[in-house]
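Take this structure, written in structure tokens, and hold onto it; I'll ask about it next.
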């Protein structure tokens, strides 16, 4: 006897319950709940995946990334070497000549080849003769077909008969290494120094160099050379800064890494080593660099010293064209040195790497210079993935730091040499960055072209004497003793070795 | 083969190589020997600091919304291949969570924790330890004694104020080591060029990690200029300045490459992100107004460690007069002054940047006082000012230590023992267990990754902040809050609701279906009623009336037995509708006994959906279970378990409405 006290039980049967009321969502038409377009985390989508690029895109993007990273490496290494001297206080003070030179212990022979330089050579010889060192001789080398220069040199020799000898070079065709080798045969000093006919040499330089040889036991001492006329034009500004960073800073790095291309003048080599090297390579367009490479490879101890007061002052080539010719000659010389392969004898891999890198540098620089604008254009016109685009921007970073360093260098240069740097100069420095890269590229391309055509002759480099401008600092406020005062500011032909095919 | 071959040398003048000496010890051994004294002080401090930060890291403090955001963004980098889990809008530079992602990616930290934020906290431990080492190095570079450097490191690692903030996943914690590295490198003596470039780079990274660190720039520049050698100064400063500018520029380029530099329709932009941070942040109010955000923020710091705050500020003032600490003292005082400027916005983690410098100053001033005191004992001539000053400072330090011991003990005990995050963990678990996984949820960001990992669709787990600030989210929810089914509220959600109409509406038109914890730690799971508050209330009232009617009938059923308490609960309509239906069905088969109803965790005050019954009509307990599981999907219990007291029947949490007339 069961009864049914609960009404609900009548409404649903166990196992098949029907709703008591049909649940109804209120429909006022005001909204439709949105549940579409949900993407859950697809387990296969978790983690990193290779982007879905076409093979062409893969190649293109990879190339962009590789080029960007290479450019960055080149720019960073250039920048770091350029800043080498200022890495630390000790490093900077180590780059200078000593403040209190030791007693002179060596004898010197100074070689001064001159060609069509009667305007400057006399004064250069006179000034060299004023060196405060006690044991040195000067040999002026002139061509047999250049009576003007020969006359000037002989007059100077007459004024300083105990110091100056004149040697006439009658070889054909003429070039600087031939002239130097000729003079070397009669050089009597323990150490042989080279100067160009237009160089302004500080009278204390020999004493300082002598001391440096004694202090360091060096086999080679490379002194500083400085172009001065940065206000002449936009390219002279950049050329001056190139020299400044090269001699002030970077060359010290190369000396430390025991592979160094030497400069063309203010370079001092022991006679013993020059006898070993049989002088300079007369067949090389960059005989100075070549000698440096051979000496480095043989383990000679090369010391670089730069003290702003005693640098040898020079000027940039007189025209853009002669700058281009000069650069072409250097680049061709670098190619010859690279091809000659003396650097392969360097003892360590590191040194060989530096040698190869340095000697290839003009061409790397050419590529770099051209790729930077190209990459900017690419970046603005081609749509690439964010990551690739960001990587392709990386080379710009060291380039901009480079610009900041150059600005600093220009300011420092002006302060050191007592020349006021105008706003215009800074402006030129900045806008000249890309055009100068293009110029460097041009120089490299031209060198390759000429080398392939077998044109290995010397091209003329003109000098205007702008570094001897009247605008040199006076005693007050200037950190540098003026040594060029009183010389003519007129454009002068300077030492130039000209090959037949270029005349 | 140990002989070195002499290269044939053309020269004879070169000095001979020195005779071969005793083979030097291995580099590592030599390093250890030279630094043994330092390591003996530093390593124990690092170990203790690390343990204090790591132990109960997941328990205290309760995780907050920001932590979830940075963690989710780091997670998005590794798991979604995106910079953020929402549209990146330039609120902060992304470098901070990229670094967190780096840590979690390298150590696989996300796999180690059920709560993703804890992986972020582990990353914080790493960054804090690095910072602690850098504080040691910085102290030593400033010529503090080992003991003083140890004090600086220990205060940084162990102050309760520091522990609280170091545990929390803040970008500031990631930026601090970079800032300290920047100062350390700015003080380099050898290789200054490389040091300064490194310093500028590290500072750039710090700023791109947390933009507020830009505040330290003048002081870094000051330290750098003061430390720079005259002869190389122009180059070192120009180069490092350029590097810093470039790192900053990288962020601009990054935005430009993405086409997001300048504001425009349909995309976020760097400019608008910056103007948000600089322009639109509301003032935090005044310190004098105890209700203001400013007061709350500062009060929180104050409660955590008054002693450190007082000593830190005093040290900063004294540090002004000591040459070696001056830039750091000015930095701290300047940062404090910035905080108190009119209409300032004080971010909660603002204090993080000050912690290392406060610790450093406390130690440095103490070190100076000790040295002055010793110099006097040693009979060195001293001025009366230094004599009195040193003594006064040592007395003050002693008082501070006396006050510090009980304060730190109490606070650190709390950090090591209390589990404030439990409500969050429980709420997450509850949602995973009870909320249908095709639901759309509005949540605190600190649960985001966990819920997505639990299987909710990524687009259906919506960080509440984005519901009306992110175009992509708005497009998916054209009806705003109505398109979501649940809202999980935390303290962040409750306090931020005022700024978001959608969240406010969702709050108003929702009812609690589970609640965990209390006070500021309370976490509620709320069901949103898209038809609106009034309709929902009406439905609930109707439902409740039906529940009362049905409950009363069951209580009166002669087949039903139970305590008076159970009958009262039934008559009050507190039993779940499905339970009522099933119970009445079961009563038709025979007598049913029911134990007093107990709420499930988090469901106090809500309808009971768990009941313990014994029924003779349905047969054996096993037969009862079969009967219960075959009542049909609408009424089916989620679990039926047999215990000694009877059969426990639990119905799913979300109760369909309208089951009872």
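The values are calculated or read from the model by the stated rules, or taken from the named source; none is laboratory data. Here the structure is a predicted model, which means the values were calculated and not measured. Quick reminder, even Gly has a Cβ in these numbers, built from the backbone with ideal geometry, and neighbours come from all protein chains shown.
Is it the case that the range B:91-112 has a residue that's farther than 30 Å from residue B:269 by Cα, in contact (Cβ under 8 Å) with a residue 24 or more places away in the chain and assigned to a loop (DSSP other than H, G, I, E, B)?
No, the range B:91-112 has no match at all.
Then there's this: Report, by residue number, each residue of the range B:603-619 that is at pLDDT 85 or above and surrounded by fewer than 15 Cβ atoms within 10 Å (Cβ to Cβ).
Answer for the range B:603-619, where residues must be at pLDDT 85 or above and surrounded by fewer than 15 Cβ atoms within 10 Å (Cβ to Cβ): B:604, B:605.
Something else: Being away from chain B (no Cβ under 12 Å), surrounded by 19 or more Cβ atoms within 10 Å (Cβ to Cβ) and part of a strand (DSSP E or B) is the requirement here; does residue A:71 meet it?
Here the answer is no, as residue A:71 does not meet what is asked.
Name the strands (runs of 3 or more DSSP E) wholly within the range B:400-495 that hold at least 2 residues that are touching a strand residue (DSSP E or B) at 6+ places or on another chain (Cβ under 9 Å), more than 12 Å from chain A (Cβ to nearest Cβ) and over 30 Å from residue B:49 (Cα atoms)?
Ranges flagged: B:441-443, B:486-489.
Now, a different point. Just to be sure I understand the filter: pairs with C-beta atoms under 7 Å, separated by 6 or more residues or on different chains, first member in the range B:562-586 and more than 22 Å from residue B:541 (Cα to Cα), second member modelled with pLDDT under 90 and part of a helix (DSSP H, G or I). Which pairs pass?
Close Cβ pairs satisfying both conditions: B:585/A:9.
Another one. Evaluate the following for residue A:279: is it closer than 22 Å to residue A:326 by Cα and more than 16 Å from the chain's Cα centre (by Cα)?
Judged against the criteria, residue A:279 is not a match.
What residue, of B:146, B:121, is more than 30 Å from residue A:91 (Cβ to Cβ) and surrounded by fewer than 23 Cβ atoms within 10 Å (Cβ to Cβ)?
So the residue among B:146, B:121 that is more than 30 Å from residue A:91 (Cβ to Cβ) and surrounded by fewer than 23 Cβ atoms within 10 Å (Cβ to Cβ) is B:146.
If you check residue A:33 against the conditions, is it buried (at least 16 other Cβ atoms within 10 Å of the Cβ) and at pLDDT below 85?
Here the answer is no, as residue A:33 does not meet what is asked.
Filtering the range B:532-543 down to residues that are within 25 Å of residue B:602 (Cβ to Cβ) and at the interface with chain A (Cβ under 10 Å from one of its Cβ atoms), which residue is surrounded by the most Cβ atoms within 10 Å (Cβ to Cβ)?
So, considering only residues that are within 25 Å of residue B:602 (Cβ to Cβ) and at the interface with chain A (Cβ under 10 Å from one of its Cβ atoms), the one surrounded by the most Cβ atoms within 10 Å (Cβ to Cβ) is B:536.
One residue is enough: does the range A:86-96 have a residue meeting the conditions under 20 Å from residue A:312 (Cα atoms), out of contact with any strand residue (DSSP E or B) (no Cβ under 8 Å at 6 or more places or on another chain), assigned to a loop (DSSP other than H, G, I, E, B) and modelled with pLDDT under 90?
The answer is yes; a qualifying residue exists.
So, in the range A:261-319, how many residues would count as being in a helix (DSSP H, G or I), within 25 Å of residue A:120 (Cα to Cα), touching a helix residue (DSSP H, G or I) at 6+ places or on another chain (Cβ under 8 Å) and away from chain B (no Cβ under 14 Å)?
2
I'm checking my understanding of the structure. Among residues of the range A:233-260 that are within 14 Å of another protein chain (Cβ to nearest Cβ) and touching a strand residue (DSSP E or B) at 6+ places or on another chain (Cβ under 7 Å), which one is nearest to residue A:219 (Cα to Cα)?
So, considering only residues that are within 14 Å of another protein chain (Cβ to nearest Cβ) and touching a strand residue (DSSP E or B) at 6+ places or on another chain (Cβ under 7 Å), the one nearest to residue A:219 (Cα to Cα) is A:252.
A follow-up question, please. I need a count of the residues in the range A:105-115 that are farther than 21 Å from residue A:288 by Cα and in contact with a helix residue (DSSP H, G or I) (Cβ under 7 Å, 6 or more places away or on another chain).
The number of residues fulfilling the criteria is 2.
Residues in the range A:127-152 that are assigned to a helix (DSSP H, G or I) and in contact with a helix residue (DSSP H, G or I) (Cβ under 6 Å, 6 or more places away or on another chain): how many?
3
Follow-up. Out of the helices (runs of 4 or more DSSP H) lying entirely within the range B:193-297, which hold 3 or more residues that are away from chain A (no Cβ under 14 Å) and in contact with a helix residue (DSSP H, G or I) (Cβ under 8 Å, 6 or more places away or on another chain)?
B:217-227
Exactly one of (1) buried (at least 19 other Cβ atoms within 10 Å of the Cβ); (2) more than 23 Å from residue B:256 (Cα to Cα); (3) facing chain B (nearest Cβ under 10 Å) is unmet by residue A:389. Its number?
Result: residue A:389 passes all but (2).
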